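Working notes for the structure below.
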Amino acid sequence: MQENNKSQVTGILEPAAAKRLFLAVMITSFIGPFAGSGINVAVPSLAHDFGASANELSWVVFGFLLGSAMFILPMGKLADIWGRRRVYYAGLWLFAITFLAGAFSVSIEMLNGLRFVQGCIMSLIFGPGMALLISSHPPSERGRVIGYSAASTYSGLSLGPVVCGFLCELMGWRSIFVVTGAVVLVSIWLMSGIRHEWYGDRGAGIDVRGSLCYMAAAPLLLWGLSESAHGERGLWLLAAGLCGMALFVWLELRVQHPCLDIRLFKGNVVFSLSNLAAMLHYSATFALSFLISLYLQVIMGFPASSAGGIILLQPVVMALLSPKAGALSDRIQPGKVASVGMAITAAGLLGMSFLTKVTPLWLVGGLLMWIGLGFALFSSPNNNAIMGSVAPKYYGTASSFLAAMRLF
(Lines give C-alpha, C1' and ligand atoms only; values in the text may rest on other atoms or scores of the structure.)
Protein backbone atom coordinates (compact mmCIF):
# COMPACT_ATOMS: atom_id res chain seq x y z
CA MET A 1 0.00 0.00 0.00
CA GLN A 2 1.44 3.34 -1.03
CA GLU A 3 1.59 5.93 1.66
CA ASN A 4 1.68 9.26 -0.20
CA ASN A 5 -1.41 11.42 0.26
CA LYS A 6 -2.53 11.24 -3.36
CA SER A 7 -2.61 7.44 -3.43
CA GLN A 8 -4.44 7.39 -0.13
CA VAL A 9 -7.25 9.52 -1.54
CA THR A 10 -7.65 8.12 -5.06
CA GLY A 11 -5.34 5.21 -5.89
CA ILE A 12 -6.41 3.66 -9.19
CA LEU A 13 -6.16 -0.15 -8.94
CA GLU A 14 -4.77 -2.70 -11.33
CA PRO A 15 -7.48 -4.01 -13.72
CA ALA A 16 -7.90 -7.37 -11.92
CA ALA A 17 -8.18 -5.77 -8.46
CA ALA A 18 -10.48 -3.05 -9.80
CA LYS A 19 -12.76 -5.74 -11.24
CA ARG A 20 -12.92 -7.57 -7.90
CA LEU A 21 -13.76 -4.36 -6.07
CA PHE A 22 -16.34 -3.41 -8.69
CA LEU A 23 -18.08 -6.81 -8.45
CA ALA A 24 -18.02 -6.76 -4.65
CA VAL A 25 -19.71 -3.36 -4.51
CA MET A 26 -22.23 -4.37 -7.20
CA ILE A 27 -23.24 -7.48 -5.23
CA THR A 28 -23.65 -5.48 -2.03
CA SER A 29 -25.56 -2.72 -3.85
CA PHE A 30 -27.94 -5.44 -5.03
CA ILE A 31 -28.35 -7.52 -1.89
CA GLY A 32 -29.07 -4.66 0.53
CA PRO A 33 -32.16 -3.38 -1.34
CA PHE A 34 -33.04 -6.99 -2.24
CA ALA A 35 -33.32 -7.95 1.42
CA GLY A 36 -34.94 -4.64 2.37
CA SER A 37 -37.75 -4.90 -0.18
CA GLY A 38 -38.04 -8.68 0.04
CA ILE A 39 -38.60 -8.82 3.80
CA ASN A 40 -41.95 -7.07 3.27
CA VAL A 41 -43.43 -10.21 1.73
CA ALA A 42 -42.50 -12.17 4.86
CA VAL A 43 -44.56 -9.94 7.19
CA PRO A 44 -47.66 -12.22 7.14
CA SER A 45 -45.49 -15.25 7.98
CA LEU A 46 -43.81 -13.33 10.81
CA ALA A 47 -47.21 -12.37 12.18
CA HIS A 48 -48.28 -16.03 12.11
CA ASP A 49 -45.12 -17.45 13.67
CA PHE A 50 -44.65 -14.84 16.40
CA GLY A 51 -48.24 -13.71 16.95
CA ALA A 52 -47.00 -10.14 16.47
CA SER A 53 -49.16 -7.03 16.26
CA ALA A 54 -49.15 -4.65 13.29
CA ASN A 55 -47.15 -2.12 15.31
CA GLU A 56 -44.49 -4.69 16.19
CA LEU A 57 -44.28 -5.83 12.57
CA SER A 58 -43.82 -2.26 11.33
CA TRP A 59 -40.50 -2.11 13.18
CA VAL A 60 -39.13 -4.91 10.99
CA VAL A 61 -38.88 -2.28 8.25
CA PHE A 62 -38.76 0.99 10.20
CA GLY A 63 -36.07 -0.19 12.63
CA PHE A 64 -33.73 -0.93 9.72
CA LEU A 65 -34.28 2.51 8.17
CA LEU A 66 -33.93 4.25 11.52
CA GLY A 67 -30.61 2.57 12.29
CA SER A 68 -29.26 3.48 8.86
CA ALA A 69 -30.35 7.12 9.12
CA MET A 70 -28.86 7.52 12.62
CA PHE A 71 -25.40 6.20 11.78
CA ILE A 72 -24.89 7.05 8.10
CA LEU A 73 -23.06 10.38 8.56
CA PRO A 74 -20.78 9.34 11.46
CA MET A 75 -19.81 6.13 9.68
CA GLY A 76 -19.00 8.00 6.45
CA LYS A 77 -16.55 10.18 8.35
CA LEU A 78 -15.17 7.15 10.18
CA ALA A 79 -14.40 5.55 6.80
CA ASP A 80 -12.42 8.63 5.76
CA ILE A 81 -10.41 8.43 8.99
CA TRP A 82 -9.82 4.69 9.36
CA GLY A 83 -9.84 3.73 5.69
CA ARG A 84 -12.78 3.20 3.33
CA ARG A 85 -11.87 -0.37 2.40
CA ARG A 86 -11.31 -1.34 6.04
CA VAL A 87 -14.67 0.05 7.22
CA TYR A 88 -16.51 -1.41 4.21
CA TYR A 89 -14.93 -4.83 4.73
CA ALA A 90 -15.83 -4.82 8.44
CA GLY A 91 -19.38 -3.82 7.49
CA LEU A 92 -19.65 -6.78 5.12
CA TRP A 93 -18.66 -9.25 7.83
CA LEU A 94 -21.06 -7.75 10.37
CA PHE A 95 -23.83 -7.62 7.76
CA ALA A 96 -23.41 -11.32 6.93
CA ILE A 97 -23.27 -12.36 10.60
CA THR A 98 -26.36 -10.42 11.67
CA PHE A 99 -28.41 -11.61 8.69
CA LEU A 100 -27.50 -15.21 9.38
CA ALA A 101 -28.39 -14.61 13.03
CA GLY A 102 -31.77 -13.27 11.93
CA ALA A 103 -32.69 -16.74 10.69
CA PHE A 104 -32.52 -17.98 14.30
CA SER A 105 -34.77 -15.30 15.81
CA VAL A 106 -37.07 -16.74 18.47
CA SER A 107 -39.27 -13.68 18.99
CA ILE A 108 -40.38 -10.56 17.15
CA GLU A 109 -38.46 -8.47 19.72
CA MET A 110 -35.24 -10.28 18.87
CA LEU A 111 -35.83 -9.88 15.15
CA ASN A 112 -36.65 -6.17 15.48
CA GLY A 113 -33.49 -5.65 17.52
CA LEU A 114 -31.43 -7.41 14.85
CA ARG A 115 -33.11 -5.34 12.12
CA PHE A 116 -32.09 -2.13 13.90
CA VAL A 117 -28.53 -3.43 14.25
CA GLN A 118 -28.53 -4.42 10.56
CA GLY A 119 -29.55 -0.87 9.66
CA CYS A 120 -26.70 0.52 11.76
CA ILE A 121 -24.29 -1.87 10.01
CA MET A 122 -25.56 -0.93 6.55
CA SER A 123 -24.30 2.59 7.26
CA LEU A 124 -20.79 1.06 7.17
CA ILE A 125 -21.55 0.02 3.58
CA PHE A 126 -23.83 2.72 2.12
CA GLY A 127 -21.29 5.55 2.31
CA PRO A 128 -17.91 3.89 1.70
CA GLY A 129 -19.30 1.80 -1.19
CA MET A 130 -19.73 4.68 -3.64
CA ALA A 131 -16.57 6.36 -2.34
CA LEU A 132 -14.59 3.17 -3.04
CA LEU A 133 -15.96 2.89 -6.58
CA ILE A 134 -15.08 6.48 -7.42
CA SER A 135 -11.69 6.42 -5.67
CA SER A 136 -10.60 3.29 -7.56
CA HIS A 137 -11.68 4.44 -11.05
CA PRO A 138 -10.54 7.40 -13.15
CA PRO A 139 -12.80 10.51 -13.24
CA SER A 140 -13.72 9.78 -16.85
CA GLU A 141 -15.51 6.60 -15.69
CA ARG A 142 -17.19 8.06 -12.60
CA GLY A 143 -20.68 8.35 -14.09
CA ARG A 144 -20.51 4.88 -15.63
CA VAL A 145 -19.62 3.06 -12.39
CA ILE A 146 -22.22 5.09 -10.45
CA GLY A 147 -24.76 4.06 -13.09
CA TYR A 148 -23.96 0.37 -12.66
CA SER A 149 -24.24 0.74 -8.88
CA ALA A 150 -27.66 2.35 -9.30
CA ALA A 151 -28.70 -0.44 -11.69
CA SER A 152 -27.71 -3.03 -9.08
CA THR A 153 -29.73 -1.19 -6.44
CA TYR A 154 -32.85 -1.01 -8.61
CA SER A 155 -32.46 -4.65 -9.62
CA GLY A 156 -32.41 -5.61 -5.95
CA LEU A 157 -35.49 -3.51 -5.24
CA SER A 158 -37.43 -5.06 -8.12
CA LEU A 159 -36.35 -8.69 -7.67
CA GLY A 160 -36.52 -8.69 -3.86
CA PRO A 161 -40.28 -9.16 -3.48
CA VAL A 162 -40.42 -11.74 -6.30
CA VAL A 163 -37.53 -13.96 -5.23
CA CYS A 164 -38.17 -13.61 -1.50
CA GLY A 165 -41.81 -14.46 -2.10
CA PHE A 166 -40.75 -17.79 -3.61
CA LEU A 167 -38.23 -18.39 -0.82
CA CYS A 168 -40.82 -17.64 1.83
CA GLU A 169 -43.37 -19.94 0.22
CA LEU A 170 -40.98 -22.85 -0.40
CA MET A 171 -38.66 -22.72 2.65
CA GLY A 172 -40.08 -20.17 5.07
CA TRP A 173 -39.14 -16.62 5.96
CA ARG A 174 -35.90 -17.65 7.66
CA SER A 175 -34.46 -18.65 4.27
CA ILE A 176 -34.47 -14.98 3.22
CA PHE A 177 -31.93 -14.18 5.93
CA VAL A 178 -29.80 -17.24 5.14
CA VAL A 179 -29.64 -16.49 1.41
CA THR A 180 -28.87 -12.81 2.02
CA GLY A 181 -26.04 -13.61 4.42
CA ALA A 182 -24.61 -16.23 2.05
CA VAL A 183 -24.55 -13.81 -0.90
CA VAL A 184 -22.70 -11.21 1.17
CA LEU A 185 -20.01 -13.84 1.81
CA VAL A 186 -19.23 -13.67 -1.93
CA SER A 187 -18.54 -9.93 -1.59
CA ILE A 188 -16.31 -10.65 1.39
CA TRP A 189 -14.32 -13.16 -0.67
CA LEU A 190 -13.89 -10.67 -3.51
CA MET A 191 -12.78 -7.89 -1.14
CA SER A 192 -10.34 -10.15 0.72
CA GLY A 193 -7.84 -9.99 -2.14
CA ILE A 194 -7.63 -6.17 -2.12
CA ARG A 195 -4.99 -4.65 0.11
CA HIS A 196 -4.91 -1.05 -1.11
CA GLU A 197 -6.46 1.49 1.26
CA TRP A 198 -8.13 4.84 0.65
CA TYR A 199 -8.34 7.65 3.20
CA GLY A 200 -9.92 11.07 3.24
CA ASP A 201 -8.78 12.40 6.62
CA ARG A 202 -6.31 9.84 7.94
CA GLY A 203 -5.34 10.21 11.58
CA ALA A 204 -8.01 12.83 12.36
CA GLY A 205 -9.84 12.76 15.64
CA ILE A 206 -13.41 11.47 15.81
CA ASP A 207 -16.03 14.17 16.31
CA VAL A 208 -17.80 12.50 19.23
CA ARG A 209 -20.02 15.43 20.26
CA GLY A 210 -21.18 16.17 16.72
CA SER A 211 -21.80 12.50 15.96
CA LEU A 212 -23.87 11.95 19.11
CA CYS A 213 -25.85 15.11 18.46
CA TYR A 214 -26.71 13.99 14.92
CA MET A 215 -27.58 10.46 16.09
CA ALA A 216 -30.05 11.93 18.58
CA ALA A 217 -31.51 14.60 16.31
CA ALA A 218 -32.09 12.40 13.23
CA PRO A 219 -34.60 9.97 14.82
CA LEU A 220 -36.37 12.83 16.63
CA LEU A 221 -36.78 14.68 13.34
CA LEU A 222 -38.03 11.63 11.44
CA TRP A 223 -40.34 10.53 14.26
CA GLY A 224 -41.68 14.05 14.60
CA LEU A 225 -42.40 14.31 10.89
CA SER A 226 -44.30 11.01 10.93
CA GLU A 227 -46.34 12.02 14.00
CA SER A 228 -46.84 15.73 13.26
CA ALA A 229 -50.30 15.21 11.75
CA HIS A 230 -51.59 13.29 14.78
CA GLY A 231 -51.26 15.75 17.64
CA GLU A 232 -49.02 17.97 19.70
CA ARG A 233 -46.54 15.20 20.56
CA GLY A 234 -45.42 15.00 16.94
CA LEU A 235 -44.92 18.75 16.77
CA TRP A 236 -42.81 18.72 19.94
CA LEU A 237 -40.70 15.86 18.59
CA LEU A 238 -40.28 17.70 15.29
CA ALA A 239 -39.25 20.88 17.11
CA ALA A 240 -36.74 18.90 19.20
CA GLY A 241 -35.32 17.32 16.06
CA LEU A 242 -34.95 20.67 14.32
CA CYS A 243 -33.26 22.17 17.38
CA GLY A 244 -30.96 19.16 17.51
CA MET A 245 -30.01 19.61 13.85
CA ALA A 246 -29.34 23.32 14.46
CA LEU A 247 -27.09 22.40 17.40
CA PHE A 248 -25.35 19.83 15.18
CA VAL A 249 -24.53 22.51 12.57
CA TRP A 250 -23.32 24.87 15.32
CA LEU A 251 -21.00 22.20 16.71
CA GLU A 252 -19.66 21.26 13.27
CA LEU A 253 -18.58 24.86 12.62
CA ARG A 254 -16.41 24.80 15.74
CA VAL A 255 -14.32 21.62 15.47
CA GLN A 256 -11.23 20.93 13.42
CA HIS A 257 -12.36 17.55 12.08
CA PRO A 258 -16.17 17.65 11.97
CA CYS A 259 -18.44 14.69 11.29
CA LEU A 260 -19.93 16.78 8.45
CA ASP A 261 -17.72 19.55 7.12
CA ILE A 262 -20.10 22.47 6.63
CA ARG A 263 -17.53 24.05 4.29
CA LEU A 264 -18.73 21.60 1.65
CA PHE A 265 -21.85 23.75 1.31
CA LYS A 266 -20.18 27.17 1.30
CA GLY A 267 -19.91 28.39 -2.28
CA ASN A 268 -20.57 24.88 -3.63
CA VAL A 269 -23.95 25.39 -5.26
CA VAL A 270 -23.76 22.09 -7.16
CA PHE A 271 -23.25 20.03 -4.00
CA SER A 272 -25.95 21.85 -2.01
CA LEU A 273 -28.67 21.95 -4.64
CA SER A 274 -27.99 18.46 -6.03
CA ASN A 275 -28.40 16.95 -2.57
CA LEU A 276 -31.58 18.96 -2.06
CA ALA A 277 -32.82 17.73 -5.44
CA ALA A 278 -32.07 14.14 -4.41
CA MET A 279 -34.14 14.46 -1.23
CA LEU A 280 -37.04 16.10 -3.10
CA HIS A 281 -36.96 13.52 -5.90
CA TYR A 282 -36.93 10.52 -3.57
CA SER A 283 -39.61 12.12 -1.38
CA ALA A 284 -41.86 12.66 -4.39
CA THR A 285 -41.51 9.10 -5.69
CA PHE A 286 -41.14 7.00 -2.51
CA ALA A 287 -44.87 6.30 -2.05
CA LEU A 288 -45.54 5.66 -5.73
CA SER A 289 -45.31 1.86 -5.70
CA PHE A 290 -47.51 1.68 -2.57
CA LEU A 291 -50.18 3.95 -4.06
CA ILE A 292 -50.13 2.26 -7.46
CA SER A 293 -50.40 -1.13 -5.76
CA LEU A 294 -53.57 0.02 -4.01
CA TYR A 295 -54.88 1.59 -7.23
CA LEU A 296 -54.37 -1.56 -9.30
CA GLN A 297 -55.84 -3.92 -6.69
CA VAL A 298 -58.61 -1.87 -5.06
CA ILE A 299 -59.71 0.39 -7.91
CA MET A 300 -58.85 -1.70 -10.97
CA GLY A 301 -59.50 -5.11 -9.38
CA PHE A 302 -56.26 -6.86 -10.34
CA PRO A 303 -54.88 -9.67 -8.15
CA ALA A 304 -51.71 -8.98 -6.15
CA SER A 305 -49.50 -11.01 -8.51
CA SER A 306 -50.66 -9.09 -11.57
CA ALA A 307 -50.32 -5.75 -9.79
CA GLY A 308 -46.76 -6.65 -8.76
CA GLY A 309 -45.86 -7.53 -12.34
CA ILE A 310 -47.14 -4.19 -13.61
CA ILE A 311 -45.32 -2.22 -10.92
CA LEU A 312 -42.08 -4.01 -11.88
CA LEU A 313 -42.07 -2.06 -15.16
CA GLN A 314 -40.67 1.01 -13.42
CA PRO A 315 -37.62 -0.52 -11.65
CA VAL A 316 -36.82 -2.67 -14.69
CA VAL A 317 -36.54 0.46 -16.85
CA MET A 318 -34.48 2.13 -14.12
CA ALA A 319 -32.09 -0.84 -13.91
CA LEU A 320 -31.67 -1.10 -17.69
CA LEU A 321 -31.07 2.59 -18.36
CA SER A 322 -29.10 3.74 -15.29
CA PRO A 323 -25.68 2.61 -16.64
CA LYS A 324 -26.39 4.40 -19.94
CA ALA A 325 -27.50 7.54 -18.12
CA GLY A 326 -24.41 7.44 -15.90
CA ALA A 327 -22.10 7.08 -18.91
CA LEU A 328 -23.97 9.93 -20.64
CA SER A 329 -23.22 12.19 -17.66
CA ASP A 330 -19.49 11.55 -18.23
CA ARG A 331 -19.82 13.24 -21.65
CA ILE A 332 -22.50 15.84 -20.95
CA GLN A 333 -22.70 18.11 -17.90
CA PRO A 334 -24.37 15.80 -15.33
CA GLY A 335 -26.55 18.57 -13.90
CA LYS A 336 -28.24 19.04 -17.27
CA VAL A 337 -28.96 15.32 -17.65
CA ALA A 338 -30.32 15.14 -14.09
CA SER A 339 -32.55 18.17 -14.69
CA VAL A 340 -34.07 16.50 -17.75
CA GLY A 341 -34.65 13.37 -15.67
CA MET A 342 -36.39 15.28 -12.89
CA ALA A 343 -38.61 17.06 -15.44
CA ILE A 344 -39.60 13.69 -16.96
CA THR A 345 -40.41 12.32 -13.51
CA ALA A 346 -42.49 15.38 -12.67
CA ALA A 347 -44.47 15.00 -15.91
CA GLY A 348 -45.07 11.32 -15.13
CA LEU A 349 -46.28 12.06 -11.60
CA LEU A 350 -48.60 14.73 -13.00
CA GLY A 351 -50.01 12.14 -15.40
CA MET A 352 -50.55 9.74 -12.50
CA SER A 353 -52.78 12.30 -10.78
CA PHE A 354 -55.38 11.87 -13.53
CA LEU A 355 -55.77 8.09 -13.18
CA THR A 356 -59.34 6.82 -12.83
CA LYS A 357 -61.00 3.40 -12.71
CA VAL A 358 -61.43 3.48 -16.51
CA THR A 359 -57.83 4.43 -17.38
CA PRO A 360 -56.42 1.92 -19.92
CA LEU A 361 -53.84 -0.45 -18.43
CA TRP A 362 -51.35 0.35 -21.20
CA LEU A 363 -51.41 4.00 -20.08
CA VAL A 364 -50.71 3.04 -16.46
CA GLY A 365 -47.80 0.86 -17.58
CA GLY A 366 -46.56 3.59 -19.92
CA LEU A 367 -46.55 6.16 -17.12
CA LEU A 368 -44.61 3.80 -14.85
CA MET A 369 -42.01 3.23 -17.57
CA TRP A 370 -41.88 6.98 -18.26
CA ILE A 371 -41.17 7.66 -14.57
CA GLY A 372 -38.55 4.89 -14.64
CA LEU A 373 -36.85 6.71 -17.52
CA GLY A 374 -36.90 9.97 -15.56
CA PHE A 375 -35.54 8.25 -12.48
CA ALA A 376 -32.67 6.70 -14.45
CA LEU A 377 -31.77 10.01 -16.07
CA PHE A 378 -31.89 11.78 -12.71
CA SER A 379 -30.29 9.43 -10.19
CA SER A 380 -26.89 8.46 -11.64
CA PRO A 381 -26.11 11.87 -13.24
CA ASN A 382 -27.16 13.67 -10.05
CA ASN A 383 -24.89 11.41 -8.00
CA ASN A 384 -22.11 12.08 -10.51
CA ALA A 385 -22.64 15.83 -10.14
CA ILE A 386 -22.48 15.58 -6.34
CA MET A 387 -19.32 13.47 -6.23
CA GLY A 388 -17.66 15.55 -8.93
CA SER A 389 -18.25 18.76 -6.98
CA VAL A 390 -16.04 17.79 -4.02
CA ALA A 391 -12.35 17.02 -3.60
CA PRO A 392 -11.40 13.30 -3.38
CA LYS A 393 -10.67 13.62 0.35
CA TYR A 394 -14.41 14.28 0.92
CA TYR A 395 -15.72 11.31 -1.08
CA GLY A 396 -16.68 9.33 2.02
CA THR A 397 -18.49 12.25 3.64
CA ALA A 398 -20.21 13.30 0.41
CA SER A 399 -21.49 9.82 -0.44
CA SER A 400 -22.74 9.34 3.13
CA PHE A 401 -24.58 12.67 3.07
CA LEU A 402 -26.18 11.70 -0.25
CA ALA A 403 -27.26 8.38 1.27
CA ALA A 404 -28.73 10.31 4.22
CA MET A 405 -30.79 12.43 1.81
CA ARG A 406 -32.21 9.27 0.23
CA LEU A 407 -33.03 7.76 3.62
CA PHE A 408 -34.68 10.92 4.92
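What area, in nm² and to one decimal, does the C-alpha convex hull of the chain cast on average over all directions? Please report the intermediate quantities before stating the final value.
Details: hull surface 79.4 nm².
Value for the chain: 19.8 nm².
Measure off 7 Å from each Cα along the Cα-to-Cβ vector at L280 and L320, then give the distance between these two points in nanometres to one decimal.
Once both label points are built, they end up 3.0 nm from each other.
Sketch the reach of a paramagnetic label on L273 as a point 7 Å from Cα along Cα-to-Cβ, and name the residues of region 313-348 whose backbone nitrogen lies under 20 Å away.
329-347
Just how far, in whole angstrom, is region 44-101 from region 181-209 if you go by their alpha carbon centroids?
When both Cα centres are located, 17 Å separates them.
Carbon and sulfur atoms: what percent of the 1.4 Å accessible area of region 263-408 do they account for? Intermediate results must be reported in sequence, preceding the final value.
Details: 4850 of 6710 Å².
About 72 percent, which is the carbon plus sulfur part of the accessible surface.
Give the accessible surface of region 190-240 per residue, rounded to a whole number of Å², with probe radius 1.4 Å and ligands, DNA and RNA excluded. Can you show the working numbers first?
On the way: 2670 Å² over 51 residues.
About 52 Å² of surface per residue is accessible.
Alpha carbon centre of region 236-255 versus region 350-408: separation in Å?
Centre-to-centre (Cα) distance: 28 Å.
Each residue of region 271-280 in turn: what ³J(HN,Hα) in whole Hz from Karplus with 6.51, -1.76, 1.60 and θ = phi - 60°, glycine and Pro shown as x?
The phi angles translate into 5, 5, 6, 5, 5, 4, 4, 4, 5, 5 Hz.
Using the Karplus curve 6.51 cos²θ - 1.76 cosθ + 1.60 with θ = phi - 60°, work out ³J(HN,Hα) for each residue of region 16-33 in order, rounded to whole Hz, and write x for Gly and Pro.
My calculation for region 16-33 gives 5, 5, 4, 5, 4, 4, 4, 5, 4, 5, 4, 4, 5, 4, 7, 6, x, x Hz in order.
Let me know the charge dipole size of the chain about its Cα centre in debye, to the nearest 20, where only the beta-carbon of Lys, Arg (+1) and Asp, Glu (-1) is charged. Provide the component values of the computation, followed by the final result.
Working: 24 positive and 16 negative charges, 182 e Å.
Around 880 debye, computed over the chain.
Given a Förster radius of 41 Å and the C-beta distance between W236 and R263 as r, what FRET efficiency does 1/(1 + (r/R0)^6) yield to the nearest 0.05?
On the way: r = 33 Å, r/R0 = 0.79.
Here the calculated transfer efficiency is 0.80.
Once R0 is set to 45 Å, what does the formula 1/(1 + (r/R0)^6) return for the Cβ-Cβ distance between M171 and Q297, expressed as a FRET efficiency to the nearest 0.05? Intermediate values should be presented prior to the final figure.
Working: r = 27 Å, r/R0 = 0.59.
Efficiency, from the Cβ-Cβ distance: 0.95.
Using only DSSP helix segments of four residues or longer, with each worth -39500 (n - 2.57), what per-residue ellipticity at 222 nm results for the chain after dividing by its residue count and rounding to 500? Mind showing how you got there, number by number?
Values: 17 runs with 314 residues, N = 408.
So the calculated ellipticity at 222 nm is -26000 deg cm²/dmol.
So if each residue of separation counts as 0.36 nm, and I subtract the Cα-Cα distance between L23 and E109, what length gain in nm does that give?
Values: separation 86, 0.36 × 86 = 30.96 nm, distance 3.48 nm.
Difference between extended and current length: 27.5 nm.
The values are calculated or read from the model by the stated rules, or taken from the named source; none is laboratory data. Everything numeric here is computed off the predicted structure, so don't read it as measured data. Neighbour counts run over all protein chains shown; Cβ positions are idealised from the backbone, glycine included. Each accessible area value is taken on the protein alone, full model and side chains, heavy atoms only, with ligands, DNA and RNA left out. Shrake-Rupley method; radii C 1.70, N 1.55, O 1.52, S 1.80 Å.
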